[in-house]
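The values are calculated or read from the model by the stated rules, or taken from the named source; none is laboratory data. In this text the structure is predicted, and so the values were computed from the model without any measurement. Cβ atoms come from the backbone with ideal geometry, glycine included; neighbour counts cover every protein chain shown.
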């Protein structure tokens, strides 16, 4: 049996022949359904992955929604079509990866029911730069930093000589382009989860794995204050990158 004949036979199988426990519920508006592109796409995805795709009429019951919101996929039939994942279904994530990957995109762009492709690549949207400001109490943030972070980090010039030498100072961390993300979620970055407590956020420590040091507790208000303090700090000048000869 040739490969082409096998593919044709598989495409002719009823969708129920796929694994019944792998069903992806997809919602798409009639404007997209009427183009026929889903009838072109879905059998190819199902043949490749053995995931059955069931179209539903209610977006609230769907694992994935195609429409006007979410990540842009392609453009045609009068609009840019986007997708949102409505649940954490792994098959929905797999379909999303397929749609945004080379194979899925080429499949969409090759759909030409009247001899001309109906869809094109979605235009890349330029993201607007958003200036982030920190409105916490910077004075309190300085005090919190000295009280709760100084055992490891130099949080100011006065604490520069009394910390762990291999631990970066706040000034060095402030020079990094993603400093704000690092500080905002520092309690999730090793080694902090082993001893940090953020009131109302972190889970209790596992009794079988107690903290290696006395736990450090911090509130969200104190975290906001620390971000305000660090945002106003002078970043360390680390010099030009090393030039290798």
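Yes/no per residue for (1) under 25 Å from the mean Cα position of the chain (by Cα); (2) modelled with pLDDT of 85 or more:
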| site | (1), (2) |
| --- | --- |
| 91 | yes, yes |
| 99 | yes, yes |
| 127 | yes, no |
| 140 | no, yes |
| 158 | no, yes |
| 161 | no, no |
Could we say that residue 61 is over 30 Å from residue 115 (Cβ atoms) and either within 22 Å of the chain's Cα centre (by Cα) or surrounded by 19 or more Cβ atoms within 10 Å (Cβ to Cβ) (or both) here? no
Yes or no: residue 226 under 23 Å from residue 133 (Cβ atoms) and either part of a loop (DSSP other than H, G, I, E, B) or at pLDDT below 90 (or both)? no
I'm checking my understanding of the structure. Among residues of the range 198-208 that are assigned to a loop (DSSP other than H, G, I, E, B) and touching a helix residue (DSSP H, G or I) at 6+ places or on another chain (Cβ under 8 Å), which one is surrounded by the most Cβ atoms within 10 Å (Cβ to Cβ)? 202
